[in-house]
1. Taking the criterion of being touching an Asp or Glu at 6+ places or on another chain (Cβ under 7 Å) and outside the structural domain of residue 114 (by TED's automatic domain parsing), would at least one residue in region 185-192 satisfy it?
2. Within region 167-202, which residues are touching a Pro at 6+ places or on another chain (Cβ under 8 Å) and either farther than 17 Å from residue 92 by Cβ or of a type in the set (D, E, K, R) (or both)?
3. Return yes when residue 178 is hydrophobic (A, V, I, L, M, F, W, C), part of a strand (DSSP E or B), in contact (Cβ under 8 Å) with a residue 60 or more places away in the chain and closer than 15 Å to residue 151 by Cα and no when it is not.
4. Testing residue 128 on (1) exposed (fewer than 13 other Cβ atoms within 10 Å of the Cβ); (2) in contact with a helix residue (DSSP H, G or I) (Cβ under 9 Å, 6 or more places away or on another chain), one condition comes back false. Which one is that?
5. Inspect all residues belonging to region 145-159 and state whether any of them is more than 36 Å from the chain's Cα centre (by Cα), at pLDDT 85 or above and in a strand (DSSP E or B).
Amino acid sequence: MKLIALFSLVIAIGLILAAGCVATANKNTVNSSSSSSNTTDSSLNATSSLNATSNISTQLNGSLRVSVGGFLYPTNLSVFLDNQTVGMVNPTSPLYLIVSEGNHTIGVCADFVCEQESVTIRFGRYVTVDFSERLHKDVVIMQPTARVLEYYKEGNGLSVDIEFINPSGKDLQMSAEVSCGYSYIDDRSGIKMRDSTRGMLVQKVNAGQRITKGLVLNRVNSNSLSYSYPVIEELKVK
C-alpha cells in the first residue's frame with residue numbers, strides 16, 4: 001500500500017508540472033503573436049504616411065497667362081481651363097493662372113465662338129497664350145466696335161491707327177479712349193520709371209462703313225525706352 005501511495009504522489013506531481021509548462025508556452029505564443037501584429041500595423045501606418053507625404057510633395061504647379069490684347073470687343077470674355085470656367089479676360093487685363101503640371105486645354109469664348117489651345121505646364125516655366133488673332137478671324141462683328149491696327153513712334157509722341165466699324169443700319173458717332181503704358185529713365189535719379197499716356201478720338205461712321213483714323217498720344221517724358229500695346233479703354237457709341 002505504501003508503494004502504491006508513493007507512486008500515485010509522483011504521478012500527480014508530474015501532471016502538475018506538465019500543466020504549468022503548457023500554460024507558460026501558450027502565454028508566450030499569445031504574446032509573440034500580439035507583438036507581431038503590432039509590428040505589422042506600425043509598418044502599414046508608416047507606409048501609408050510616407051505615401052501620403054509623397055503624393056503631396058509631387059504636386060507641382062506652373063504659371064499660365066491668357067490674353068486677348070488687340071481683340072475687337074472691349075468687353076470681358078470667359079476663360080475655360082479643361083472645360084471649367086476659371087475667370088474673365090479683356091483687351092486691357094490678361095488673366096494669370098497657377099496650373100498643375102501636365103497637359104491642359106485653355107480656351108476663350110466670345111459670343112458663340114470659342115477658341116482653344118492645348119498647353120503643357122511645367123514647374124518653373126511661364127506659358128503665355130494670346131487668342132487675339134484667332135478671335136479677329138473667326139468672330140463675326142455684330143455690333144459697332146473699334147480696334148487698334150498698328151502704332152509707331154512719331155517725334156515725341158506715339159501714333160496709333162484706329163479702325164472704327166459700324167455694321168448697323170444707321171449712322172453713328174463713335175468715340176474711343178486709347179491708352180498706352182511706357183517706361184523711361186528719370187533724368188534726376190537715373191532710375192527706370194513707368195508711366196502711361198492716353199487720348200480720345202471721335203469719329204462719325206456711316207451705316208455699314210469702316211474708317212481708319214490716326215491718334216497721336218503725347219508722352220510725359222521724352223526718354224522713353226519701351227511701349228506696351230495701345231488698348232481701347234472705353235468705346236462710346238451715339
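The values are calculated or read from the model by the stated rules, or taken from the named source; none is laboratory data. This is a predicted model, so every value here is computed, not measured. Cβ: placed from backbone, ideal geometry, glycine included. Neighbour counts: every protein chain shown.
1. There is no residue in region 185-192 that is touching an Asp or Glu at 6+ places or on another chain (Cβ under 7 Å) and outside the structural domain of residue 114 (by TED's automatic domain parsing).
2. Hits for region 167-202 are 167, 168, 172, 174.
3. Considered against the rule, which asks whether it is hydrophobic (A, V, I, L, M, F, W, C), part of a strand (DSSP E or B), in contact (Cβ under 8 Å) with a residue 60 or more places away in the chain and closer than 15 Å to residue 151 by Cα, residue 178 comes out as no.
4. Answer for residue 128: the failing condition is (2).
5. No, the conditions are met nowhere in region 145-159.
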